[in-house]
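Comments concern the structure below.
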Amino acid sequence: WFFVCLMVETLFFMQVVAENMLGDKKVTVVFVLGGPGSGKGTQCSNIVEHFGFTHLSAGDLLRAEIKSGSENGTMIENMIKEGKIVPSEVTIKLLQQAMIKNENDKFLIDGFPRNEENRAAFENVTKISPAFVLFFNCSEEEMERRLLGRNEGRVDDNIETIRKRFKVFVESSLPVIEYYDAKDKVKKIDAAKPIPEVFEDVKAIFAPYAKVIV
């Protein structure tokens, strides 16, 4: 009887998790893409404050896993140092866990998918297609200046790794943007402008998601 109860409880838990991700719960996902230093994180904070989204940064989730000291974290750290892309299943699992735990139904996913394989895997695993892609378009010169100007103690903020990350972005992430652009799902932002001006452009795009004050 104990094992029957345990099995029923486990199946119920699995069903609840599936419903959170795939079932009756309508989840709005916006992918936020742009080169390293294009200002994605800053603008995501503004969107959270003004439009009630939950911000899930793929990079932050990966860095938290590194800090946990797990074997998975060590593998992630080595790949980031080399400017490589972390395997899809690792990042998707972290994103999925974060979405399941959160009661909100509107998510900004920042810095993911980084390549076509990421994109296909995310849609296949979660059965979620983004409402749209917010693309922060910025020159490499400006992004490099910004990254070298900040001091956050991040292992990936040195000139050699920064340039590797630019190369990876151009080769891997631009095809994702082109894929969604063909579906008329890309909202392009001129991210080289000052932060307040960039947010004015962002606000115009997110107007349909404005918080309703009762």
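Every number in this text was worked out from the coordinates using simple rules, so none of it is lab data. Remember, predicted model here, so these are calculated numbers, not experimental data. Heads up, the Cβs are rebuilt from the backbone with ideal geometry, glycines too, and the neighbour counts pull from every protein chain shown.
Annotations for the structure displayed:
- Cβ crowding within 10 Å, taken as a proxy for footprinting-reagent exposure, orders S88, S45 from fewest neighbours to most as S45, S88.
- Placing a pseudo-label 7 Å from each Cα along the Cα-to-Cβ vector at V170 and R146 gives an inter-label distance of 1.8 nm.
- With a Förster radius of 22 Å applied to the beta-carbon distance between K188 and N158, the computed FRET efficiency rounds to 0.15.
- Working from Cα pairs under 8 Å separated by at least six residues, relative contact order for region 26-204 is 35 percent.
- Here each label is just a point 7 Å from Cα along the line to Cβ, and for E123 and E49 those points are 3.4 nm apart.
- Calculated P(r) of region 26-204 - Cα pairs past 25 Å, %: 30 percent
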